[in-house]
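The values are calculated or read from the model by the stated rules, or taken from the named source; none is laboratory data. For clarity, every value in this text was computed on a predicted model and none was experimentally measured. Please note: Cβ atoms are built from the backbone with ideal geometry, for glycine as well, and neighbour counts cover all protein chains shown.
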């Protein structure tokens, strides 16, 4: 599957250098992200729309969205820890891909039908619960993908690996974002009675469930993982006969690398901003651009505003898809830190510019900068981080790193809604503007990060 493999022996570190993989090996290894991001895109572009349809007020949206980062904070370190210590016939990371894909696909198919449970529980609470299950399942499938790239690729291909992953993420997100609008153009109804979900949104979630499962299965079939003995040769470690203790997670958290701690500030600003964009973009565009009242969530014009959000989210994901292919060359010339700083700055300016746009057909311009930032956020922090992580701890530290993603989202989820209501006078467009400022602050903080290559010496 990997083609002809040559032996590269580097006795200086008492390990064998991992063989370089072909482009298509790298592609197949990350192809599952097509479905993962398809699901995330549907959730990001339509989650607030669905919750508002079920009766959630705009100032409460961020509270419902807490379900996603909370589950990610809990799930990812646990999955990372156990995937580091899992050796089965299916592989090390792949069992988690498969389990997560099955559960996430079911959640995607059920999400638009939360109203069915209205006789027992208010549908917006059911929707939030399904959102939590969906996000937990997506995290089970997603977390090992980051570790798999680091497991299989030599240092010289790391940036390429994460860039290809980002390209596939962008492609999946584009398709997922435009799916409701595409189905509208194909004649599927966008009318929604009060408390119901429009047909185009429902069918988009069905398609997302199928794409999610199929793409993950493709990666499972097409990707080979190193067996324990061979993995040990490439990483200079020993094969563990018994899995590490669960409490090792807390020890690893305490001893996280310096680079990871420094990236924490960058991630805080980046993901606080992204959470604001995902949660408040639909109500911000509906009120600021389309001139709707904040509580108008059933009119045809509101459905058009929701479709527009999907369209412009497709733009930023499409831009990210293209930029991802250029990141290795840009980073080679400018360095990973400067590349990331430029990307975050462009994203910040893009979000701020949305305040000055009143024509919905011009909103795509703002998303160009956001797309550059998104490509960089999905690739550069991981490319910087991977060089500072001990090879045998790749899964757990990739999971712990997720704390710096979920933490700012949880904080935003708690305070974001009340701020919109009491500080911004229920004008969510200001949450988008502040998100842009936070991305620029992230660009400043990345310049203080130590970017190192693999320096983990293996004892004789």
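Looking only at residues in the range 279-303 that are assigned to a helix (DSSP H, G or I) and without any contact (Cβ under 8 Å) to a residue 24 or more places away in the chain, which one is nearest to residue 66 (Cα to Cα)?
286
Only one of 250, 246 is over 30 Å from residue 38 (Cβ atoms), outside any helix (DSSP H, G or I) and either modelled with pLDDT of 90 or more or within 27 Å of the chain's Cα centre (by Cα) (or both); which?
Sole residue among the options that is over 30 Å from residue 38 (Cβ atoms), outside any helix (DSSP H, G or I) and either modelled with pLDDT of 90 or more or within 27 Å of the chain's Cα centre (by Cα) (or both): 246.
Got at least one residue in the range 279-293 being buried (at least 21 other Cβ atoms within 10 Å of the Cβ) and within 30 Å of residue 397 (Cβ to Cβ)?
Yes, some residue in the range 279-293 is buried (at least 21 other Cβ atoms within 10 Å of the Cβ) and within 30 Å of residue 397 (Cβ to Cβ).
Scanning the range 307-327 for residues that are modelled with pLDDT under 85 and within 16 Å of residue 380 (Cβ to Cβ), which turns out surrounded by the fewest Cβ atoms within 10 Å (Cβ to Cβ)?
325
For the range 155-166, how many residues are surrounded by fewer than 23 Cβ atoms within 10 Å (Cβ to Cβ) and in contact with a helix residue (DSSP H, G or I) (Cβ under 9 Å, 6 or more places away or on another chain)?
Result for the range 155-166: 4.
What do you reckon, is residue 173 surrounded by 24 or more Cβ atoms within 10 Å (Cβ to Cβ) and either modelled with pLDDT of 80 or more or in contact with a helix residue (DSSP H, G or I) (Cβ under 9 Å, 6 or more places away or on another chain) (or both)?
The answer is yes for residue 173.
Counting residues that are touching a strand residue (DSSP E or B) at 6+ places or on another chain (Cβ under 8 Å) and modelled with pLDDT under 75, which helices (runs of 4 or more DSSP H) fully inside the range 42-137 reach at least 1?
Result: empty, no element qualifies.
Residues in the range 151-184 that are more than 21 Å from residue 35 (Cβ to Cβ) and in a helix (DSSP H, G or I): how many?
The number of residues fulfilling the criteria is 7.
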